[in-house]
Every structure is written in C-alpha cells, then in structure tokens.
Amino acid sequence: ANAIPPQWALSELKAALTAQGASVRVESLIADAKPEEFCVVVGAMNSPVAKKVFAAKKIIAPTEAEALVLVQGEAEGRMALLTAGADARGLVYALTELADRVACLQTTRTALEFGEPVIERPASRTRSVMRGFNSEVEDKAWFYDRDCWRAYLTRLVYSRLNRMNFTTGMGYNSASGITDGYLLFPYPFFVTVPGHDVRAKGLSNEERTRNLEMLKFIGEECVRR
C-alpha cells in the first residue's frame, strides 16, 4: 500500500470523495479512525487484517496478479470496507474502482457500500492500447500537452489497461516522396548519437531536447501509476 502506484490511486479516491463533499483523513492505523467515521482499510491480500476478514466471510482470496477484493467486514473490532489487492497493481485497480464509483454515484455512502463481496481477477494478462504519433501537424499539440497525458494515462488505469504502446511515424512503402516524416525514424528527433553525424533536417537542438523531455515525462507518469 505504501508503493508509489497505490499511493497515487489513494489520492484519486481521496479527490473523488472530497469532490462529493466528504471529509477524508488518511491514517496508518485502524485504531486512529473515529467511531463515527466510515473506515476504508487499504492493504495487501495477505495482510493480517485481510486474512481475518476473508476467514469470517469464508472468502478464498485470489492470488493471481492484479486481482482485487472489495468486501465489508469487521476489522479490529469495527466495521470497515476492506480494499485489498494481490499486488500493487491489483490494489491500484481496487482503489480506482472505488474512486470511479464515488464519481458516478450520487451519494458517497452508496458508492462505498457492498452487499456482496467483489472479487475480480484479470481474464487476460496483457491488456494494451496503442497511441500513435503520425503527423507533425495534428499530433504535436497532444504530444506536448502534459495535462492531456496525465488524463489519458489515468483513464487507461481506470479502464484496467496495463500496457501503452507509443508508436512513432506513419508507415510507408517507400522512403521517397515522404511529406510528413516527423518521428518516422525516431532517434534523431530525441537524441544525438556519438560518432554518427545524423540529424533531422530543420529540427533545432531545443526541440530535440523538448521531445526527449516529453518521453521522460511520459515514462515517469506511467511508473507513477
């Protein structure tokens, strides 16, 4: 739960709850929650608290990668909503599932109440989407838009896609007569290669540096989620 991606997902849930008018506190111990507060317990599937809730509810916890469980039960003497994942990504999906429910339902309490346990495991290990840069004219705007990337990558996580393939350059049958070749052969648009005098015609050093910075930003945002 303390890994970077679950902490990011926890911030998503907190933002969704706050947007609905709820007052939210994050505590490290269940005992620190006040008796009148609704308690959401976030942790690993094999944590002591989770094991006790599963035993009481007669739940066989899934062990597959990215699996999740959402179940109401007694945790350390009080009722709570257990949000558990088989791994960090499973916990991310559990938390974003809650955040999505909170954002879509009219009342926060309804979104956090479960009459039956929710136990989910992925049907496919790899779930991927391709994002292609094909046109300098049409694609530069979104490529440089950091807010666009944050929203896009967040939507992929909420949709439980665990891969994003960033492709560059439009495919051609021939290397002659190309009118839009930006990123067609990508490396000169991002880096200089020692010992090789190769560069993209008309591309400034500043733009090349900016392109590389965007790639780094996209990678960092992927890791964060």
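The values are calculated or read from the model by the stated rules, or taken from the named source; none is laboratory data. Keep in mind the model is a prediction, meaning the values are calculated, not measured. Note that each Cβ is placed from the backbone with ideal geometry, even for glycine, and that neighbours are counted across all protein chains shown. Ligands, DNA and RNA are excluded from the accessible area calculation, which covers all protein heavy atoms including side chains. Shrake-Rupley method; radii C 1.70, N 1.55, O 1.52, S 1.80 Å.
Which ones in the range 147-172 are open to solvent by less than 70 Å² (accessible area, probe 1.4 Å) and part of a helix (DSSP H, G or I)?
Once the filter is applied, which keeps residues that are open to solvent by less than 70 Å² (accessible area, probe 1.4 Å) and part of a helix (DSSP H, G or I), the range 147-172 yields C148, W149, A151, Y152, L153, T154, L156, V157, Y158.
State all residues of the range 10-48 that are among the acidic types (D, E), open to solvent by 80 Å² or more (accessible area, probe 1.4 Å) and over 19 Å from R109 (Cα atoms); if no residue qualifies, say none. Walk me through how you get there before you give the answer.
At the first step, the residues of the range 10-48 found to be among the acidic types (D, E) are 12, 27, 32, 36-37.
Going one step further and asking which of them are open to solvent by 80 Å² or more (accessible area, probe 1.4 Å), we end up with 27, 36.
Residue satisfying the conditions is E27 alone.
Just to check your reading of the model, which residue among R208, R199 is surrounded by 13 or more Cβ atoms within 10 Å (Cβ to Cβ), outside any loop (DSSP other than H, G, I, E, B) and of a type in the set (K, R)?
Working: R199 fails: outside any loop (DSSP other than H, G, I, E, B).
None of the other options fit; the residue is R208.
For the range 115-131, give me each residue that is out of contact with any strand residue (DSSP E or B) (no Cβ under 9 Å at 6 or more places or on another chain) and without any contact (Cβ under 8 Å) to a residue 24 or more places away in the chain. Full working, then the answer.
The first filter runs over the range 115-131 and keeps only residues out of contact with any strand residue (DSSP E or B) (no Cβ under 9 Å at 6 or more places or on another chain), leaving 122-125.
Selection gives A123, S124.
Specify the residue that is most open to solvent (accessible area, probe 1.4 Å); the eligible residues are those in the range 113-146 that are part of a helix (DSSP H, G or I) and under 18 Å from E220 (Cα atoms).
R146
Those residues that are free of Cβ contacts under 8 Å to residues at least 12 places away in the same chain and among the aromatic types (F, W, Y), I need them from the range 132-175; list them, please.
W142
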